[in-house]
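The values are calculated or read from the model by the stated rules, or taken from the named source; none is laboratory data. As the structure is a computational prediction, the values presented were derived from the model and not from experiment. Heads up, the Cβs are rebuilt from the backbone with ideal geometry, glycines too, and the neighbour counts pull from every protein chain shown. Keep in mind that these areas ignore ligands, DNA and RNA; they rest on the heavy atoms of the full protein, side chains included. Shrake-Rupley method; radii C 1.70, N 1.55, O 1.52, S 1.80 Å.
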Amino acid sequence: MNEKILVVDDEKEIADLLELYLQNDGYIVYKCYNGTDALKCIEETALDLAVLDIMLPDIDGLKLCRKIRENFYYPVIMLTAKIEDRDKINGLTIGADDYITKPFNPLEVVARIKTQLRRYTRYNQLAPKQENEVREYDIRGLLINREYHKCFLYGKELPLTPIEFSILWYLCERQGVVVPSEELFEAVWGEKFLQNNNTVMAHIGRLREKMKENARHPKFIKTVWGVGYTIEK
């Protein structure tokens, strides 16, 4: 295992508790109680995942997430006491992969971490090619290759996170079909979809932003209101 995980929380008891559970599972843990130390760790350490508390005394978790996304694609989980939808959407929109609210069960956090790491590893490894398996789609200038986990728009590479790549690949696989938000969430996140879950919407918004798509008149990912999303043939 030996994956390197950054845990950032100004509540020492929480950071120490997560460190204990993660170390028991064989992870290497880098623990910080403030954003300044976390930023230094992000810049100097080859991390595999980061757990960031939003409310920090200096540099908040959202700014740390933005900094990570400038150069890295590894999973980011936001950890916070905030429970309003707009706070969750803000975190997901800037590139976070998951969002957990306090109070929490540390076993749930560890399970979420394992899920994100599995997904990240799966989409960044060269999986053995199976006969007749489609490994690449080229849709009107949008080229996405699953074997090399790369995506290009008009020849320019798009810096997609594993979640964003998974969403786009799933839609490309079903080109011409409207995919319900519930189906997309359960296929990509591997969890049961709950009512009022805006996670998919936030990530679609982030994808469109990276693709420089007009949300009202998108060329690629189109919204079918009340149903889901589609990439037309």
Any residue in region 144-158 that's within 16 Å of Leu171 (Cβ to Cβ): show its pairings with residues that are β-branched (Val, Ile, Thr) at Cβ separation under 6 Å, as long as the two are six or more apart or on different chains.
Cys151/Ile144
Select, from Thr199, Thr223, Thr230, the only residue that is surrounded by 13 or more Cβ atoms within 10 Å (Cβ to Cβ) and in contact (Cβ under 8 Å) with a residue 60 or more places away in the chain.
Thr199
Residue count for region 174-196, restricted to those that are of a type in the set (S, T, N, Q) and without any contact (Cβ under 8 Å) to a residue 24 or more places away in the chain
1
Could you name every one of the strands (runs of 3 or more DSSP E) located completely within region 129-233 that has at least 2 residues being under 28 Å from Phe72 (Cβ atoms)?
136-139, 142-145, 150-153, 228-231
Among the residues of region 167-183, the number that are open to solvent by less than 50 Å² (accessible area, probe 1.4 Å), over 14 Å from Gly226 (Cα atoms) and aliphatic (A, V, I, L, M) is 3
